[in-house]
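Below is one structure, written out as structure tokens, with a few remarks after it.
Since every read-out is calculated from the coordinates, none of them should be taken as a lab result. Note that the structure is a prediction, hence the values are computed from the model and not measured. With ideal geometry, Cβ positions are generated from the backbone for all residues, glycine too; neighbour counts draw on all protein chains shown.
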Amino acid sequence: MTHYDLFVIGAGSGGLAAAKNAAKYGKKVAIAEADRVGGTCVLKGCVPKKIMSYAGHYADSLSEAKGYGFDIQHTFDFKTFAQKRNDEIDRLNGIHLSLLEKAGVELIMGHAAFKDDHTVTVDGQDYTADHFVIAVGGTPTVPEIEGAEHMITSDGVWQLDSLPKSMVVWGGGYIGVEFASIFQSLGTEVTVVIRRQNVLAGFDEEISTFLQDEMTKRGIQFITDDTIEHVTTNNDGVKTAHLKSGKALEAEVVLAATGRVPHTHKLKLENAHITCNNKGYVKVSKQLLTTNDKVYAVGDVTGRVELTPVAIKHGRMVTNNLYSNHNQTVDDAAPTAVFTNPPLGVVGLTEQQAIEKYGSENIEVYKEEFRPMIHVLSQKTERVLMKMIVHKTERTVLGLHMAGRDAAEIIQGFAVAVRAELTKEQFDATVAIHPSSAEEFVLMKEPVR
């Protein structure tokens, strides 16, 4: 039986970060993976999705170029694009494999499950370790409705070999709105079905409403306060989504983007006395320690902030604490982006969260809405919304929210300022870069409420 200083289960972003960081400390490390190395982000999530988003942006730019005097005739070969996208994912998978080898981490292919408090089994072989890290992430879930087999999830998008003429997207979270935007830009007729009035629950309501309005202007149809009850298909493969309201929507593809669940069901966590909550997420402390004092959990499997950079930060934090006498605790505050058209970028508190925390009398809201300069000639009606939340007496900038072109790039820089708890006056004292959209965050003078 082989013994390790650290045994990591799951070779996604968080697991890879933990394994490689532990190896830097000279520790004997193994990592088990049942699929390909790289995890959801690299193989089935943010990376291939961002590549698809770029394709959508090229389609938009080609259509907008006429306003600048360009007369461009073009076609889009989805099959060629999909193959190039998949080739890039294969390349990244190879890079991660080589980085593990270079770091001296042993890769063990197969499903890992706990045998007892300090032993895991991978395909019949037992391994022990001083410490373990659970980093198995999550997987898309499909509601148990009649005809569920006729739908695809986000994982199924990567198997499409032709561009659908029509698509029904069920769900208004990150995944649903991003794929709705991508496929609409590429030429697919898209309808989004959501149970609520607005997309992106948990985001600033004003920003999410603005995004939904902008997506509607682009031609995406939203059916709100409704849900899919069952799905049928005909001999030609055309799907029909039957809604609770009685509506029936026909489409080539029905994409279920209704949520994700943690990948914990095969780990036999009970054998190691590790506790999960009622949704299957592993319960952890502020140091990401499970109910077994030798086992940590990082990333999406904890049910905290399900973002790749957070998982990476988790993996490094755990191993730094273990091997360099750090005592870091988890910090869930993180900037994030939604790569829709237009994209969103946010950091800090929403207006609703700020009011709940400090009271409406202690909050100021600054806001600017405008047409970006790039669309002056393109004649596109897309607009930008930028919003700042400020503590009225302490003057600290509590949150920044943007819907518009380059939002992610702009918010990433300003996230440093929000984390450093800079004041509104320090923003005001900063010289603007003109002309730019970003300058509006240092030019907002009067609160709107």
Using a simple spin-label model with points 7 Å from Cα along the Cα→Cβ vector, what separation in nm is obtained for Leu443 and Lys357? 2.9 nm
Would you please state which residues of the range 203-232 a label at Glu144 would reach in this model, taking the label point 7 Å out along Cα→Cβ and a backbone N cut-off of under 17 Å? 229-231
Among beta bridges assigned by DSSP with both residues in the chain, the antiparallel ones amount in percent, to the nearest 5, to 60 percent
Lys244 versus Glu425: modelled label distance in nm, points set 7 Å from Cα along the beta carbon direction: 5.1 nm
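Using the Cα atoms of the range 312-449 to build a convex hull, what is its mean projected area in square nanometres?
Numbers: hull surface 40.8 nm².
Mean projected area of the Cα convex hull: 10.2 nm².
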Nearest-5 percent of antiparallel DSSP beta bridges in the range 148-258? 40 percent
Can you tell me the Rg and the Dmax, both Å, for the Cα atoms in the chain? 23.6, 70
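For Thr216 and Lys165 in one chain, what is 0.36 nm times their gap in residues minus the Cα-Cα distance, to one decimal in nm? Display every interim value, and only then the final one.
Values: separation 51, 0.36 × 51 = 18.36 nm, distance 1.79 nm.
Full extension of this stretch gives 16.6 nm more.
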Helix-only mean residue ellipticity at 222 nm for the chain, each DSSP H run of n ≥ 4 adding -39500 (n - 2.57), per residue, nearest 500: -9500 deg cm²/dmol
Using alpha-carbon coordinates alone, the radius of gyration and Dmax of the range 277-386 in Å work out to 19.8, 62
Gyration tensor (Cα) of the range 116-190, equivalent ellipsoid semi-axes in angstrom: 38, 14, 13
When only Cα pairs under 8 Å and 6 or more residues apart are kept, what is the percent relative contact order across the range 148-258? 36 percent
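Within 11 Å, Cβ to Cβ, of Asp226, how many net charges do the neighbouring residues add up to if Lys/Arg are +1 and Asp/Glu are -1?
Working: positive: Arg195, Arg196, Lys244, Lys247; negative: Asp225, Glu229.
Around Asp226, the surrounding residues sum to +2.
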Hey, could you pull the Cα Rg and Dmax for the range 211-331, both in Å? 21.3, 64
Rank by packing, highest mean first: peptides 206-216, 362-372, with packing defined as the count of other Cβ atoms within 10 Å averaged across residues. 206-216, 362-372
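Please compute the contact order of the chain in relative form: average sequence separation of alpha-carbon pairs under 8 Å and at least six residues apart, divided by the residue count, as a percent.
Taking the mean separation of contacting Cα pairs over the length of the chain, I get 16 percent.
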Can you pull the three principal axis extents for the Cα set of the range 82-147, in Å, largest first? 43, 42, 19
In whole angstrom, the spacing between the Cα centers of the range 416-449 and the range 185-211 equals 28 Å
